[in-house]
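The values are calculated or read from the model by the stated rules, or taken from the named source; none is laboratory data. Everything quoted here is computed from the prediction, not taken from an experiment. Cβ placement follows ideal geometry from the backbone for every residue including glycine, while neighbour counts extend to all protein chains displayed. Side chains are part of the model used for accessible areas, which takes the heavy atoms of the whole protein and leaves out ligands, DNA and RNA. Shrake-Rupley method; radii C 1.70, N 1.55, O 1.52, S 1.80 Å.
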Amino acid sequence: MKLSFEKSRQGRFFPLLPELDVPERKISSALTRAGSPRLPEMSPPDISRHYSELARRTHGVNDGFYPLGSCTMKYNPKINDEMANLPGFTHIHPLQPEHTAQGCLEAMARAEGLLCEITGMDSMTFQPAAGAHGEFTGVLLIKAYHESRGDSARTKIIVPDSAHGTNPATATMTGFQVVNIPSDGSGCVTLDALREAVGPDTAGLMLTNPNTLGIFDRNILEITKIIHDAGGLCYYDGANLNAIMGVARPGDMGFDVMHLNLHKTFSTPHGGGGPGSGAVGCKSELARFLPSPHVSRRGDEFFFDAPSRSVGRVGAFYGNFLVVLRALTYLVTIGGDGVRDAARNAVLNANYMMKHLSGIYDVAYPGGCMHEFVLSLERLKREHGVSAMDVAKSLLDFGMHPPTMYFPMIVKEALMIEPTETESRETMDFAIAALRSIYERALEEPESLREAPIHTPIRRPDEVNAARHPKLRYNFD
Amino acid sequence: MAYYVPSTEDEQLEMMRAIGVSSWDDLYAGLPAGLLLEDLNIPAGLSEYGARVMMEGLASENRIFPSIFRGAGAYNHYIPSLVKQITSREEFVTSYTPYQAEISQGTLQSIFEFQTMMCELTGLDASNASIYDGASAAASAAAMCRARNRAVVLISEAANPRVISVVETYCYAAGAGVKKIPARDGVTDGESLAAMLDDSVACVYIEQPNYFGLIEDASELGRIAHSGGAKFVMGVNPIAAAVLRTPGECGADVAVGEAQPLGMPLSFGGPYLGFMTASSDMARHLPGRIVGETVDVDGKRAFVLTLQAREQHIRRERASSNICSNQALCALTASVYLTVMGPHGLRQVADHCFSKAHYAAEQISAVKGFELAHEGEFFHEFVTSCPMDSESLLRRLESRGILGGLPVDGGILWCVTEMNTREEIDELTAILREAVRG
Amino acid sequence: MNFPEDLKYTRTHEWVRALDKKTARVGITDYAQHELGDLVFVNLPEVGDEAIMGERIADVESVKAVSDIFSPVAGEVSAVNDEILDAPELVNSDPYGAWLFEVGEITEREEFMSAEDYEKYCEEGE
């Protein structure tokens, strides 16, 4: 379809502002740019249609099943959006005096209280704007903690090879060296490898539990003990918290600091890739290092204060505040039981799908799973030349979003499926049937799968050409 | 039935039977028993209605100011109705990062259009798909300029202090140095900059307009930075960018900024939108998602996430940034805003800001004791002295429904946009006069 | 698959051509380019960089992967092949022509394989 720039017609303009009511002042031409930016010139109806057309070419959670593993694509309740858009929140300047923004501060304090209870942490900041931003912030707390003790020898962060790519990247950004340790067949930490890796140079460990194979690491208490005994701290990557919220808490497993993805676990929408919220919680020993400012309470009054040894700011203001409001709305709507029920049903749904698919595809780690599981299509690829990519692309023609592909890297031809608790049994049965029919076609006419998808707005794009000869903007030629 | 869970109790039991468990506890049999929570100390759900009452109650605890003369990094601009309507569409709101290009062309194309618009605003060649906010964009720009032997960041003292603070945090993380370039008469001092440059300096960061609203001699500062072998990074206000010399024209290697003024409400500080553009030779160092144009197997135009081998999910510990989710819906907001405004509308907003700010500056500085603190040309913010305790003055304004300027060193930082009518400005001035009279 | 006789090979799938006693040209083998698939970018060292034997000196990117190139010799980078920056596809179409970099002032080198040994090594790896 055409770009807005290609629909532009010179001179189309509709006024949105009243006449200037003060004397006009011109900026000196010595300071001004040579030409105007070439923005589209379009009429309101054409703008509406342009974006409606783009919307039709976008698949959201509300367009169909979205079992994208590790992303927790659950339903985004409308009430959350409506509450976040109340003028009493959207019209508030971030630098308003605190006594004129008590509702905002109280909302943050309430969200902090509820989320600390769910995670077993003592304090929380909402400044990080996304999960990776939260990781950065959390690992900085670890850095500051060791420095405050004069312990400069702790230069290494341990990361299992099944981890999300953000974990090792975070460790590098915060000035640590990464020690990768192998996981076992179920993606769990190999205790012997961990014992061998720790020492006086261990700053900490970054871990997701349940791990990226959807397995809860049963040795978790031993793992965090090994790290603590070596003098390190434990960081919990909250990407998979949806499996256990209300059931078990990272704080009770021995984790010292963690992030949450409010846009995954707490039902705030993903917005096509953001804004999210990567709230960071920590135990009281680390609270003095949290980013500044942090909401505190004195009697009935809420105010911002600066933690005594804060690592500084990680964002200009207080994070993606409206996203925090959505999560708060969700939590007070469903309450404590609702939180637990969400986790239980997420796990039940994943097990249900896994059970039915395990008779068709190879499950990377058979047995029970948590909120997600991983299929390995290695055999299908070897025997029939049909890859995980081919199966994923075939699902598009069924009107559903495919699972996460080729992750975790320790599983060959991986498809990672996370149904979430908000999907009905009918939807899951439909997806199971689709995957079954694709499998049958893989045996009979594998070449047809390599052609998929057929019925989507575009078919498979040439990604090689895109990367070899990058065309990253419209050129107006 | 639990909230937002469609399965009925019967269905849950059937599914449990299908997978061979008989209770919820069985599902969690893999967890060490000691970890299972007895009780979660969270009140029962309030229901949708109850949640609404509670949230509306919180919202009512905030004070909405009908008249705002405060900026300092968050700006009160008009948001056209189309912007809100289009960006509330469920498809845009509820999708994830466009990993599956075939069913994500809408998101991808909107990002491609956003990238193009950011390049147009800044006069540079390549843009990423967004970053968290303007401050973290500045910090990321500093990181992308670091080379083997050059790690130090020089940042103008006339930059927004919150941006400086975030850059310092990121540099602390990376073990890289930050030094502040002194300001003279409210603008970055070129002579001091020249003296600070050596072969350890990775980049020089200045803002246009700067924190005090003043327009910097960016071309000259860029020339000095380059003569010392450093990269030149400009943080720009996107409304001002519609009229001022572009970062590209000023020789910048990287431009960043806070795009909240492009259609995002104040929202107590977020979600906002960081943008980043770069010259073509720096394009591959941009962090985060980037969308490129290509064709599909039928030769049809297609957009995809590209240059992905830079990113954390492939490069892991050797990635230059860990960013994954960004502010995509905010980037969509900015591009809808810029499409609705068009070049004329955006220019009009900038002109109104400029004219009204100058009118306000004249009126305010005519009040005894409120003198303009600096001589240089400004865009839509300016600093005046304040002849009395600024807090009591601001309280007086507050009682009349006005959010006054922000107290800063040497006085008050005022901001005037197209939202401030002449009447409001005159009323503000009248209250200042009253206050001076006592 | 092509294994030219006049080149030496490493276990990490680089080929090495001795230009003179102290200078060697390095690229990736036909086997390597085939395994990596369509290359989309090559990150090259800079002239003057120290080449440390056995350490990462460059990398090649495909759409969804990045692979390290290790220096088979110790010395100093004396030339890089700029042509492949704009046309990484040359590494796929002509792996032995599209070299990556040259190292001069060589002080040390790995034990290389002959074409015949390398071909066997690749077959065993399959």
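Table: residues versus (1) among the aliphatic types (A, V, I, L, M); (2) touching a Leu at 6+ places or on another chain (Cβ under 9 Å).
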{"site": "A:Thr333", "(1), (2)": "no, yes"}
{"site": "A:Leu348", "(1), (2)": "yes, yes"}
{"site": "A:Tyr365", "(1), (2)": "no, yes"}
{"site": "A:Glu378", "(1), (2)": "no, no"}
{"site": "A:Val386", "(1), (2)": "yes, yes"}
{"site": "A:Pro403", "(1), (2)": "no, yes"}
{"site": "A:Met409", "(1), (2)": "yes, no"}
Q: Please indicate, with yes or no, whether at least one residue in the range B:93-111 is within 20 Å of the chain's Cα centre (by Cα), surrounded by fewer than 24 Cβ atoms within 10 Å (Cβ to Cβ) and in contact (Cβ under 8 Å) with a residue 24 or more places away in the chain.
A: yes
Q.
Just checking, does the range A:121-128 include any residue being surrounded by fewer than 24 Cβ atoms within 10 Å (Cβ to Cβ) and either at pLDDT 95 or above or in contact with a helix residue (DSSP H, G or I) (Cβ under 7 Å, 6 or more places away or on another chain) (or both)?
A. yes
Q | Neighbours by Cβ (under 9 Å, 6+ apart or cross-chain): first from the range A:154-179, aromatic (Phe, Trp, Tyr); second outside any loop (DSSP other than H, G, I, E, B) | A | A:Phe176/A:Val139; A:Phe176/A:Ile142; A:Phe176/A:Lys143; A:Phe176/A:Lys156; A:Phe176/A:Ile157; A:Phe176/A:Thr170; A:Phe176/A:Ala203; A:Phe176/A:Gly204
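Yes/no matrix, rows are residues, columns are (1) among the β-branched types (Val, Ile, Thr); (2) outside any helix (DSSP H, G or I); (3) more than 30 Å from B:Asp217 (Cβ to Cβ):
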site: A:Gly35; (1), (2), (3): no, yes, no
site: A:Arg49; (1), (2), (3): no, no, yes
site: A:Tyr75; (1), (2), (3): no, yes, yes
site: A:Glu82; (1), (2), (3): no, no, yes
site: A:Gly103; (1), (2), (3): no, no, yes
site: A:Cys116; (1), (2), (3): no, no, yes
Q.
Taking the condition of being within 20 Å of B:Glu191 (Cβ to Cβ), small (Gly, Ala, Ser) and in contact with a Lys or Arg (Cβ under 9 Å, 6 or more places away or on another chain), how many residues in the range B:219-251 meet it?
A. 5
**Q.** Residue selected from the range B:133-165 under the condition at the interface with chain A (Cβ under 9 Å from one of its Cβ atoms), open to solvent by less than 10 Å² (accessible area, probe 1.4 Å) and not aliphatic (A, V, I, L, M), by the criterion nearest to the chain's Cα centre (by Cα)
**A.** B:Gly134
**Q.** Complete set of residues in the range A:145-171 that are in a loop (DSSP other than H, G, I, E, B) and either within 10 Å of chain B (Cβ to nearest Cβ) or not hydrophobic (A, V, I, L, M, F, W, C) (or both)
**A.** A:Arg149, A:Gly150, A:Asp151, A:Ser152, A:Arg154, A:Thr155, A:Asp161, A:Ser162, A:Ala163, A:His164, A:Gly165
Q | Filtered residue count, the range A:1-17, keeping only those that are assigned to a loop (DSSP other than H, G, I, E, B) and either surrounded by 10 or more Cβ atoms within 10 Å (Cβ to Cβ) or under 39 Å from the mean Cα position of the chain (by Cα) (or both) | A | 10
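Taking A:Asp201, is it more than 21 Å from B:Leu36 (Cα to Cα), of a type in the set (D, E, K, R) and either modelled with pLDDT under 95 or crowded, with 22+ Cβ neighbours inside 10 Å (or both)?
Details: more than 21 Å from B:Leu36 (Cα to Cα): yes; of a type in the set (D, E, K, R): yes; either modelled with pLDDT under 95 or crowded, with 22+ Cβ neighbours inside 10 Å (or both): no.
No.
A quick yes/no check of all residues on (1) part of a loop (DSSP other than H, G, I, E, B); (2) of a type in the set (Val, Ile, Thr):
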residue	(1), (2)
B:Val295	no, yes
B:Asp298	yes, no
B:Ala302	no, no
B:Ile314	no, yes
B:Glu317	no, no
B:Ser320	yes, no
B:Ile323	yes, yes
B:Cys330	no, no
B:Ser335	no, no
**Q.** Condition check for B:Cys324: open to solvent by 20 Å² or more (accessible area, probe 1.4 Å), farther than 17 Å from A:Ala467 by Cβ, within 7 Å of another protein chain (Cβ to nearest Cβ) and not β-branched (Val, Ile, Thr)
**A.** yes
Q.
Quick check on A:Met353: is it more than 10 Å from chain B (Cβ to nearest Cβ) and surrounded by 20 or more Cβ atoms within 10 Å (Cβ to Cβ)?
A. no
Q. Of A:Ala279, A:Ala346, A:Ala327, A:Ala306, which residue is surrounded by fewer than 22 Cβ atoms within 10 Å (Cβ to Cβ) and either within 20 Å of the chain's Cα centre (by Cα) or of a type in the set (A, V, I, L, M, F, W, C) (or both)?
A. A:Ala306
Q | Listing of helices (runs of 4 or more DSSP H) fully contained in the range B:1-109 that carry 2 or more residues being within 7 Å of another protein chain (Cβ to nearest Cβ) and out of contact with any Leu (no Cβ under 7 Å at 6 or more places or on another chain) | A | B:9-19, B:47-60, B:81-87, B:90-94
Q. Looking only at the range B:398-438, which residues are open to solvent by 40 Å² or more (accessible area, probe 1.4 Å), at pLDDT 95 or above and not charged (D, E, K, R)?
A. B:Ser399, B:Pro407, B:Met419, B:Thr421, B:Ala430
Q.
Please go through the range A:243-277 and give me each residue that is more than 21 Å from B:Gly45 (Cβ to Cβ), touching a strand residue (DSSP E or B) at 6+ places or on another chain (Cβ under 8 Å) and in a loop (DSSP other than H, G, I, E, B), ordered by number.
A. A:Gly254, A:Phe255, A:Asp256, A:Gly272
Q.
With the structure loaded, tell me whether B:Thr417 is among the polar types (S, T, N, Q) and either at positive phi or in contact (Cβ under 8 Å) with a residue 40 or more places away in the chain (or both) or whether it fails that test.
A. yes
Q | Criterion (of a type outside the set (Asp, Glu) and either open to solvent by 50 Å² or more (accessible area, probe 1.4 Å) or outside the structural domain of A:Ala346 (by TED's automatic domain parsing) (or both)) met by exactly one of A:Met416, A:Met405, A:Met409 | A | A:Met409
Q. Only one of (1) open to solvent by 10 Å² or more (accessible area, probe 1.4 Å); (2) closer than 25 Å to B:Gly106 by Cβ fails for B:Gly292. Which number is that?
A. (1)
Q) Would it be correct to say that A:Met253 is out of contact with any Pro (no Cβ under 7 Å at 6 or more places or on another chain) and aliphatic (A, V, I, L, M)? A) yes
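Residues to consider are A:Asp161, A:Asp151; find the one that is in contact with a strand residue (DSSP E or B) (Cβ under 8 Å, 6 or more places away or on another chain) and surrounded by fewer than 19 Cβ atoms within 10 Å (Cβ to Cβ).
Criteria check complete, one pass: A:Asp161.
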Q) Within the range A:18-30, how many residues turn out to be under 17 Å from B:Val349 (Cβ atoms) and either facing chain B (nearest Cβ under 9 Å) or buried (at least 16 other Cβ atoms within 10 Å of the Cβ) (or both)? A) 8
Q) In the range A:37-89, how many are closer than 30 Å to B:Ser67 by Cβ and either open to solvent by 10 Å² or more (accessible area, probe 1.4 Å) or touching a strand residue (DSSP E or B) at 6+ places or on another chain (Cβ under 8 Å) (or both)? A) 8
Q | All positions within the range A:217-234 that are within 13 Å of chain B (Cβ to nearest Cβ) and either open to solvent by less than 10 Å² (accessible area, probe 1.4 Å) or among the β-branched types (Val, Ile, Thr) (or both) | A | A:Asp217, A:Ile220, A:Ile223, A:Thr224
